[in-house]
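> Once you've had a glance at the structure underneath, I'll fire off some questions.
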Amino acid sequence: MSSTCTGKLVLVATPIGNLDDISPRALETLTTADIVMAEDTRRTGRFVTERRKLYSCHDHNIRGRLPQIEEFLKQGATVAMASDAGTPGISDPAYRAVGLAIELGAEVTMVPGPSAVIMALVVSGLPTNRFAFEGFLPFKKGKRRKRLEEMATYTGTIAYYVGPHHLSSVIDMMFSVFGDRRCCVARELTKLHEEIVRGTLSSLKERYLTSVPKGEITILVEGASD
């Protein structure tokens, strides 16, 4: 680990829907940072006035960006990193930049803020004292079932991100693996058409059998009985 790296990496949480959720400190950081790495430059660009310092940084180009981030940090730059929406490092490649910065000896800090999974957990009505975030399930059904089976005995609340067109099949498989547990589907959080549906896997399975919802979805499932 180097002690000569004077750069700073700042993770900046941005709104998951309602733009009024951007914090004054987040705006200030995105404005004053030397470099802004953004998962979606169109979204983050709404908060960055100097387009020349805005770089795209996502799953498909992270390998190429890491050497650039390293060089910026070694030069003493403040590099701000924002995800598509919400908290960077959650289901995006920001953790790789964090690991790099730590290895270089650069300062790593964060401007906390919105997080879809935390909001969904809190409003779900399910226990919050213990939970696991599993991100997106595998696309292939065999691997998806295996991942669900691995969590079948977990006693805390389980949270997943789900694409709208996969919601019905995911709930159906959850019902098959977990049994009929309490669950919550949180959709389009903080946006105009925010919807929070609470029930059981069987009732939500019926609800979404013929109805395909739109937007970004977080689903939470009750843990196994002790």
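The values are calculated or read from the model by the stated rules, or taken from the named source; none is laboratory data. If you're wondering where the values come from, they're calculated on a predicted model, not measured in any experiment. So basically every Cβ, Gly included, is an ideal-geometry build from the backbone, and we count neighbours across all protein chains shown.
> Quick check: is even one residue across region 167-175 touching a Gly at 6+ places or on another chain (Cβ under 9 Å), hydroxyl-bearing (S, T, Y) and under 17 Å from I217 (Cβ atoms)?
There is no residue in region 167-175 that is touching a Gly at 6+ places or on another chain (Cβ under 9 Å), hydroxyl-bearing (S, T, Y) and under 17 Å from I217 (Cβ atoms).
> Right, next: In region 161-172, which residues are part of a helix (DSSP H, G or I) and buried (at least 18 other Cβ atoms within 10 Å of the Cβ)? Can you show your working first?
The first filter runs over region 161-172 and keeps only residues part of a helix (DSSP H, G or I), leaving 164-172.
The answer is L167, S168, V170, I171.
> Listed residues R187, R182, R145; which is of a type outside the set (F, W, Y) and either surrounded by fewer than 18 Cβ atoms within 10 Å (Cβ to Cβ) or assigned by TED's automatic domain parsing to the domain that holds A94 (or both)? Explain how you work it out, then say what you get.
Numbers: R187 fails: either surrounded by fewer than 18 Cβ atoms within 10 Å (Cβ to Cβ) or assigned by TED's automatic domain parsing to the domain that holds A94 (or both); R182 fails: either surrounded by fewer than 18 Cβ atoms within 10 Å (Cβ to Cβ) or assigned by TED's automatic domain parsing to the domain that holds A94 (or both).
Residue meeting the stated conditions: R145.
> Does G64 satisfy the criteria of being in contact (Cβ under 8 Å) with a residue 24 or more places away in the chain and out of contact with any helix residue (DSSP H, G or I) (no Cβ under 7 Å at 6 or more places or on another chain)? Talk me through it step by step, then tell me what you get.
Values: in contact (Cβ under 8 Å) with a residue 24 or more places away in the chain: no; out of contact with any helix residue (DSSP H, G or I) (no Cβ under 7 Å at 6 or more places or on another chain): yes.
Against the criterion (in contact (Cβ under 8 Å) with a residue 24 or more places away in the chain and out of contact with any helix residue (DSSP H, G or I) (no Cβ under 7 Å at 6 or more places or on another chain)), G64 does not qualify.
Matching residues to (1) among the hydrophobic types (A, V, I, L, M, F, W, C); (2) closer than 26 Å to G17 by Cα; (3) at pLDDT below 95:
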site: E150; (1), (2), (3): no, no, no
site: M174; (1), (2), (3): yes, no, no
site: F178; (1), (2), (3): yes, no, no
site: E195; (1), (2), (3): no, yes, no
site: R198; (1), (2), (3): no, yes, no
site: S203; (1), (2), (3): no, no, no
site: E206; (1), (2), (3): no, no, yes
site: L220; (1), (2), (3): yes, yes, no
site: A224; (1), (2), (3): yes, no, no
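> Still on this structure, I have one more. Out of all the residues in region 100-142, which are surrounded by fewer than 17 Cβ atoms within 10 Å (Cβ to Cβ), among the small types (G, A, S) and touching a strand residue (DSSP E or B) at 6+ places or on another chain (Cβ under 9 Å)?
Result: G125, A132, G135.
> Scan region 179-212 for residues that are under 24 Å from the mean Cα position of the chain (by Cα) and in a helix (DSSP H, G or I) and jot them down.
Listed by number, the residues that qualify are L201, L204.
> While we're here: Filter region 148-160 for residues that are assigned to a loop (DSSP other than H, G, I, E, B) and of a type outside the set (F, W, Y); which is surrounded by the fewest Cβ atoms within 10 Å (Cβ to Cβ)?
In the first step, residues of region 148-160 are kept if they are assigned to a loop (DSSP other than H, G, I, E, B); the result is 151-156.
From the residues that got through so far, the ones that are of a type outside the set (F, W, Y) too are 151-153, 155-156.
Numbers: M151: 18, A152: 13, T153: 9, T155: 13, G156: 16.
If we take residues in region 148-160 being assigned to a loop (DSSP other than H, G, I, E, B) and of a type outside the set (F, W, Y), then T153 is surrounded by the fewest Cβ atoms within 10 Å (Cβ to Cβ).
> Which residues, taken from region 1-34, are surrounded by fewer than 20 Cβ atoms within 10 Å (Cβ to Cβ) and among the aliphatic types (A, V, I, L, M)?
M1, L19, I22, L27
> Same structure again: Return only the number of the condition from (1) more than 23 Å from the chain's Cα centre (by Cα); (2) within 23 Å of S91 (Cβ to Cβ) that F47 does not satisfy.
So F47 meets the others, but not (1).
> I'd like the residue in region 69-99 that is under 14 Å from K8 (Cα atoms) and either in contact with a Phe, Trp or Tyr (Cβ under 7 Å, 6 or more places away or on another chain) or without any contact (Cβ under 8 Å) to a residue 40 or more places away in the chain (or both) and, out of all such residues, is surrounded by the most Cβ atoms within 10 Å (Cβ to Cβ).
In this case the residue turns out to be V79.
> Okay, next question. If R144 meets every condition in (1) within 18 Å of the chain's Cα centre (by Cα); (2) not in a loop (DSSP other than H, G, I, E, B) apart from one, which number is that one?
Looking at each condition in turn, R144 falls short on (1).
> (1) farther than 20 Å from V117 by Cβ; (2) touching a residue at least 24 places away in the same chain (Cβ under 8 Å): which one isn't true of E206, the others all being true?
With (1) farther than 20 Å from V117 by Cβ; (2) touching a residue at least 24 places away in the same chain (Cβ under 8 Å) applied to E206, the lone miss is (2).
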